Amino acid sequence: MCGIVGYIGNKQAYPILINGLKRLEYRGYDSAGISLLDKDVKIFKKKGKVSDLEKHVLNEDITGNIGIGHTRWATHGEPNDINAHPHISMNGHFTLIHNGIIENYGRLKERLMDRGYEFKTDTDTEVLANLIEYIYIKGQVSAEIAVRLALSKVVGAYGLAIICKDEPDKLIAARKGSPLVIGVGEGEYYIASDATPIVEHTKSVIYLNDDDVAILGHDGMTLKTIKNDKLEPKVQQVDLDIGEIEKNGFDHFMLKEIFEQPRSILDTFRGRVSLDKEEIHLGGLHHVLDKLIHAKRIIIIGCGTSWHAGLVGEYLIEDLARIPVEVEYASEFRYRNPIINEDDVVIAISQSGETADTLAAIKLAKQAGATVLGICNVVGSSIPRETDAGVYTHAGPEIGVASTKAFTAQVTVLAMIAMTLGKERKQISKKDFAELIHELNDVPAKIEKILTHNNDYLEVSKLYKDVTNFLYLGRGYLFPVALEGALKLKEISYIHAEGYPAAEMKHGPIALIDEKMPVVVIATKDKSYEKIVNNIQEVKARKGIVIAIVNEGDKIIRNMADHVLEIPEAKEELSALLTVIPLQLLSYHIAVLRSCNVDQPRNLAKSVTVE
Ligand code: G6P
């Protein structure tokens, strides 16, 4: 939540900051603001999108070689001009931007008010600006010391970029809980919430750790902890191409990312699956493989779409490897006093690698002695750094807020883990293992084929774009896909949608069915095919509209359903990878037809770094 950028160097800061904010807008888009330090501090902020801010500064003086910028997803205080960042301290010494939550802001605010501080906004961030300033004036210390002392009094999470107008040759960045990356250029530094605004300027980056404070100057940088212990900055090269973070001719990032799936799935298993040797090699799990093979139980945690991938993982691992699996919402797991044993293996799934609830659940599992693995997409993010081992999904940057290619990449990794465990535990034969490997290898081409029918999805979408409810049904491996299809539709089109295991329809949702209710049934050939045919009949008997996802050449369902959308056949263990594509396309087209902002749906953010 919230995107942060900063620049110090010899170039004009404004164009760097505004472009950076556009790249980070997926993290939050309630309001945006920029502060530039020239002879004095200038602050421009505006409710709405980064483009609104751009219009707002059209006739302003935007010169300055130092600056910070912010795009907000509101936590404290409604999204308006005043609550937008940057925030300035009461006497104007400090200007800062913040991603995260200051949990003890109420107490800090009271104490500052007792000492004469007045507040103009409802934000927790202004409290931090004033706290730093209070320590700075009272203690007569440098800006850096004031920042470190203030942060030692703060409970909560922050990614911060700070300007002190009395020390106009530096920019201070600090991190705890919220991600922050420093870009290292020639006599210049960049700050950002992730590497996407930085890579067009430099590929050399430093990922800050919790409790790190970076003091960036024209002549170099100093890295230390908030307790003043000096640290050696570890510069890494980031492997991210600018083309990956642009739309490349697609109308929306979401559509581009849907169409990237043949490649992103291939990238996820490339080099890990050997067709010749009929082997799977997951290097990141090498040193914990034994632990996994002998795990008494696997607990999968995640949020949103990642949780849905986890459900597919449960079916895969129980089916192929016969290890009991539980799938938990990270937010529930961390607060419900769960039983965690030392011989449990916890798998945390997260596209961003930054989701606050998932991170907290990982810490809990580690404290209880479990081995914790991560399945993440963003390289160098917090979750891979917190976990004992893991597998990157290699799907490439996902910018659309509604997750698409990250889901299929996560399922691909889970399938590889389940297949490996099944083979090692001798629960599947060599022949079955080999067949699954070849089947996985065929998935990208099959998705390619589904995507050639994009227009069919558009045509069906036109018929149902104005309905108010949708029901999604699936069984077995396709139940989590039904949940994911419903989530996609809700997220981007604001149509109410529910996913259900098809057999459960009788226990409630059937009451909703009438001639206005479209029911998307995922009815590809698997062991419950006949059962789902019965479910379709139950919907038709109540005059519901059936949109069925079926395998090519299916005649039975063609005779019953209102619409059939054909996809290639696949082994049921890998069917989620194919069946989710039509649901992504349906949601996308319906949302576009309803004129919704597909890439930035209201109230949502891509990376939820607050609980
Ligand atoms: C947010 C996003 C979802 C995502 C979820 C979990 O809600 O909007 O698309 O599935 O967070 O994010 P993660 O990065 O942990 O997978």
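Using beta carbons and a limit of 9 Å, which pairs, at least six apart or on different chains, have the first residue in the stretch 85-112 and free of Cβ contacts under 8 Å to residues at least 60 places away in the same chain and the second one aromatic (Phe, Trp, Tyr) and surrounded by fewer than 17 Cβ atoms within 10 Å (Cβ to Cβ)? Between residues of the stretch 85-112 that are free of Cβ contacts under 8 Å to residues at least 60 places away in the same chain and residues that are aromatic (Phe, Trp, Tyr) and surrounded by fewer than 17 Cβ atoms within 10 Å (Cβ to Cβ), the close pairs are Met90/Phe119; Lys109/Phe119; Leu112/Phe119. A search for C-beta distances below 9 Å between a residue of the stretch 337-356 that is under 17 Å from Ile399 (Cβ atoms) and open to solvent by 10 Å² or more (accessible area, probe 1.4 Å) and any residue that is of a type in the set (Phe, Trp, Tyr) and within 16 Å of the ligand (Cβ to nearest atom), counting only pairs 6+ apart in sequence or on different chains, returns Gln351/Phe407. Output the residue which, of all residues in the stretch 423-466 that are among the hydroxyl-bearing types (Ser, Thr, Tyr) and touching a residue at least 12 places away in the same chain (Cβ under 8 Å), is nearest to Lys405 (Cα to Cα). Among them, the one singled out is Tyr457.
Would you be able to say whether some residue in the stretch 463-480 is among the β-branched types (Val, Ile, Thr), at pLDDT 95 or above and closer than 26 Å to Pro262 by Cα?
Residues of the stretch 463-480 among the β-branched types (Val, Ile, Thr): 467-468.
Adding the requirement that they be at pLDDT 95 or above leaves 467-468.
Checking which are closer than 26 Å to Pro262 by Cα leaves us with none.
Within the stretch 463-480 (the criterion being among the β-branched types (Val, Ile, Thr), at pLDDT 95 or above and closer than 26 Å to Pro262 by Cα), the answer is no, since none of the residues qualifies.
Whenever a residue of the stretch 211-234 is within 19 Å of Asn10 (Cβ to Cβ), its partners that are among the β-branched types (Val, Ile, Thr) and open to solvent by 30 Å² or more (accessible area, probe 1.4 Å), lying with C-beta atoms within less than 7 angstrom and at least six residues away or across chains, give the pairs Ile215/Thr222.
Among the residues of the stretch 119-133, is any surrounded by fewer than 21 Cβ atoms within 10 Å (Cβ to Cβ), at pLDDT 95 or above and touching a Cys at 6+ places or on another chain (Cβ under 9 Å)? So that I can check it myself, show each step before the final result.
Going through the stretch 119-133, the residues surrounded by fewer than 21 Cβ atoms within 10 Å (Cβ to Cβ) turn out to be 119-122.
Now drop any that are not at pLDDT 95 or above, which leaves 119.
Applying the additional criterion that residues be touching a Cys at 6+ places or on another chain (Cβ under 9 Å) yields none.
Checked the stretch 119-133: no residue is surrounded by fewer than 21 Cβ atoms within 10 Å (Cβ to Cβ), at pLDDT 95 or above and touching a Cys at 6+ places or on another chain (Cβ under 9 Å).
Do the conditions hold for Thr95, that is, is it buried (at least 17 other Cβ atoms within 10 Å of the Cβ) and in contact with a helix residue (DSSP H, G or I) (Cβ under 8 Å, 6 or more places away or on another chain)?
Values: buried (at least 17 other Cβ atoms within 10 Å of the Cβ): yes; in contact with a helix residue (DSSP H, G or I) (Cβ under 8 Å, 6 or more places away or on another chain): yes.
For Thr95, the condition - buried (at least 17 other Cβ atoms within 10 Å of the Cβ) and in contact with a helix residue (DSSP H, G or I) (Cβ under 8 Å, 6 or more places away or on another chain) - is met.
Would you call Leu266 buried (at least 20 other Cβ atoms within 10 Å of the Cβ) and within 27 Å of the chain's Cα centre (by Cα)? Judged against the criteria, Leu266 is not a match. Scanning the stretch 269-285 for residues that are under 26 Å from Pro338 (Cβ atoms) and open to solvent by 30 Å² or more (accessible area, probe 1.4 Å) returns a single hit, Gly284.
Consider Gly400 carefully, then state whether it is within 15 Å of the ligand (Cβ to nearest atom), modelled with pLDDT of 95 or more, open to solvent by less than 40 Å² (accessible area, probe 1.4 Å) and not basic (Lys, Arg). Outline the logic, then answer.
Numbers: within 15 Å of the ligand (Cβ to nearest atom): yes; modelled with pLDDT of 95 or more: no; open to solvent by less than 40 Å² (accessible area, probe 1.4 Å): yes; not basic (Lys, Arg): yes.
No.
Among the residues making up the stretch 403-429, those that are among the hydrophobic types (A, V, I, L, M, F, W, C) and either closer than 11 Å to Leu320 by Cβ or surrounded by fewer than 22 Cβ atoms within 10 Å (Cβ to Cβ) (or both) are Leu414, Ala415, Met416, Ile417, Ala418, Met419, Leu421, Ile428.
Filtered by the rule that a residue be away from the ligand (no atom under 16 Å from the Cβ), surrounded by fewer than 24 Cβ atoms within 10 Å (Cβ to Cβ) and hydrophobic (A, V, I, L, M, F, W, C), the stretch 587-597 gives Val592, Leu593. Meeting the requirement of 2 or more residues that are open to solvent by 50 Å² or more (accessible area, probe 1.4 Å) and free of Cβ contacts under 8 Å to residues at least 60 places away in the same chain, the strands (runs of 3 or more DSSP E) wholly within the stretch 467-558 are 496-501.
Table: residues versus (1) out of contact with any Asp or Glu (no Cβ under 6 Å at 6 or more places or on another chain); (2) in a helix (DSSP H, G or I); (3) open to solvent by 10 Å² or more (accessible area, probe 1.4 Å); (4) among the hydrophobic types (A, V, I, L, M, F, W, C).
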| residue | (1), (2), (3), (4) |
| --- | --- |
| His287 | yes, yes, yes, no |
| Lys291 | yes, yes, yes, no |
| Gly310 | yes, yes, no, no |
| Glu326 | yes, no, yes, no |
| Ser331 | no, yes, yes, no |
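Scanning the stretch 448-466 for residues that are assigned to a helix (DSSP H, G or I) and among the β-branched types (Val, Ile, Thr) gives Ile450, Val460. Counting only strands (runs of 3 or more DSSP E) that sit completely within the stretch 161-247, those holding 3 or more residues that are touching a Phe, Trp or Tyr at 6+ places or on another chain (Cβ under 9 Å) and modelled with pLDDT of 95 or more correspond to 170-176, 181-184, 189-192, 212-217. Just to be sure, is Ile101 in contact with a strand residue (DSSP E or B) (Cβ under 7 Å, 6 or more places away or on another chain), surrounded by fewer than 24 Cβ atoms within 10 Å (Cβ to Cβ) and at pLDDT 95 or above? No, not satisfied. Of all residues in the stretch 160-172, none are of a type in the set (Gly, Ala, Ser) and either in contact with a helix residue (DSSP H, G or I) (Cβ under 7 Å, 6 or more places away or on another chain) or surrounded by fewer than 21 Cβ atoms within 10 Å (Cβ to Cβ) (or both).
Being open to solvent by 40 Å² or more (accessible area, probe 1.4 Å) and within 30 Å of Gly100 (Cβ to Cβ): is that true of Asn603 here? Yes.
Within the stretch 224-238, the set of residues being open to solvent by less than 50 Å² (accessible area, probe 1.4 Å) and closer than 18 Å to Ala150 by Cβ comprises Lys224, Thr225, Ile226. Would you call Tyr158 under 15 Å from Lys176 (Cβ atoms) and touching an Asp or Glu at 6+ places or on another chain (Cβ under 6 Å)? No, not satisfied.
Can you tell me which residue among Gln584, Gln600 is within 21 Å of Asp30 (Cα to Cα) and within 16 Å of the ligand (Cβ to nearest atom)? None of the other options fit; the residue is Gln600.
Restricting attention to the stretch 363-375, does a residue exist that is touching a strand residue (DSSP E or B) at 6+ places or on another chain (Cβ under 6 Å) and within 13 Å of the ligand (Cβ to nearest atom)? Yes, the stretch 363-375 contains a residue that is touching a strand residue (DSSP E or B) at 6+ places or on another chain (Cβ under 6 Å) and within 13 Å of the ligand (Cβ to nearest atom).
The values are calculated or read from the model by the stated rules, or taken from the named source; none is laboratory data. Please read all numbers here as calculations on a predicted model, not as lab measurements. Please note: Cβ atoms are built from the backbone with ideal geometry, for glycine as well, and neighbour counts cover all protein chains shown. Ligands, DNA and RNA are excluded from the accessible area calculation, which covers all protein heavy atoms including side chains. Shrake-Rupley method; radii C 1.70, N 1.55, O 1.52, S 1.80 Å.
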